[in-house]
Amino acid sequence: MRSPQEILSAILDRPADIDHVRSLVSPDVTYVSLNYSNPDLKRIMPWAGTSHGPESIVNTFQDVGRFWEVVSFEREALFGSEACAAMFGRFTYKSVVLGKAVTSPFAVFARCENDRCTYLQFMEDTFATGASFRSGGAWTFSSDPSGEKVAI
């Protein structure tokens, strides 16, 4: 029997290989990519949100490979329990269309039962990765309670 850490690590070894991923996840695996549901982000990154099945994991990583060149993907920590695993690291992606490179931390959480991953959640600095697609315009933010605005 594999540990959740071994299962998570194996998924991320070849996340775009459907036969490989199917061998590690339940048929109805829940996959959360970046958020639970954000229609605006989904317009920029079509894989964002909650989906089900091994194909959702594979399609995400195939699309990431179409939208960005993966410059690096470094695992920094992996730990877990009898039912869960978490991995932390950093990656650098370079957007294919604009050639903008960004480095982001990542965190992946997996829940496993009966030697299969049943829930997988991938998080990153979506503000940075989304900005690698930004081709123009200004964003104005009003976050400071004192009223000061930030324009980017």
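The mean accessible area for residues of segment 1-70, using a 1.4 Å probe and ignoring ligands and nucleic acids, is 51 Å² per residue.
Would you mind calculating the relative contact order of the chain from Cα pairs under 8 angstrom and at least 6 residues apart, reporting the percent as a whole number? After rounding, I find 23 percent.
Measuring with a 1.4 Å probe in the full set of protein chains, what accessible area per residue, in whole Å², belongs to segment 90-141? Numbers along the way, then the final one.
Working: 2640 Å² over 52 residues.
Per residue, segment 90-141 has an accessible area of 51 Å².
Taking the DSSP beta bridges with both ends in the chain, the antiparallel portion is around 90 percent.
Our helix-only sum for the chain, with -39,500 (n - 2.57) per DSSP H run of n ≥ 4 divided by its residues, gives a mean residue ellipticity at 222 nm of -7500 deg cm²/dmol.
Over 20 Å, how big is the tail of the calculated P(r) for segment 6-152, in percent of all Cα pairs?
Numbers: 5485 of 10731 pairs.
The calculated P(r) of segment 6-152 puts 51 percent of pairs beyond 20 Å.
Run the accessible area of segment 5-152 with a 1.4 Å probe and give the carbon-and-sulfur part as a rounded percent. Present the calculation step by step, with values, prior to reporting the outcome.
On the way: 4280 of 8070 Å².
Answer for segment 5-152 is 53 percent, counting heavy atoms of protein chains only.
Within the straight-line cut-off of under 25 Å between alpha carbons, the lysines reachable from residue 42 are 94, 100, sequence neighbours fewer than 8 places apart in one chain being disregarded.
Can you tell me how much longer the chain between residue 127 and residue 84 gets when fully stretched, taken as 0.36 nm per residue apart minus their C-alpha distance, in nm with one decimal? Could you put the intermediate results ahead of the total?
Numbers: separation 43, 0.36 × 43 = 15.48 nm, distance 2.71 nm.
Full extension from residue 127 to residue 84 adds 12.8 nm.
The values are calculated or read from the model by the stated rules, or taken from the named source; none is laboratory data. Given the structure is predicted, the values throughout are model-derived calculations rather than measurements. Note: accessible area is taken over every heavy atom of the protein model, side chains too, but ligands, DNA and RNA are not part of it. Shrake-Rupley method; radii C 1.70, N 1.55, O 1.52, S 1.80 Å.
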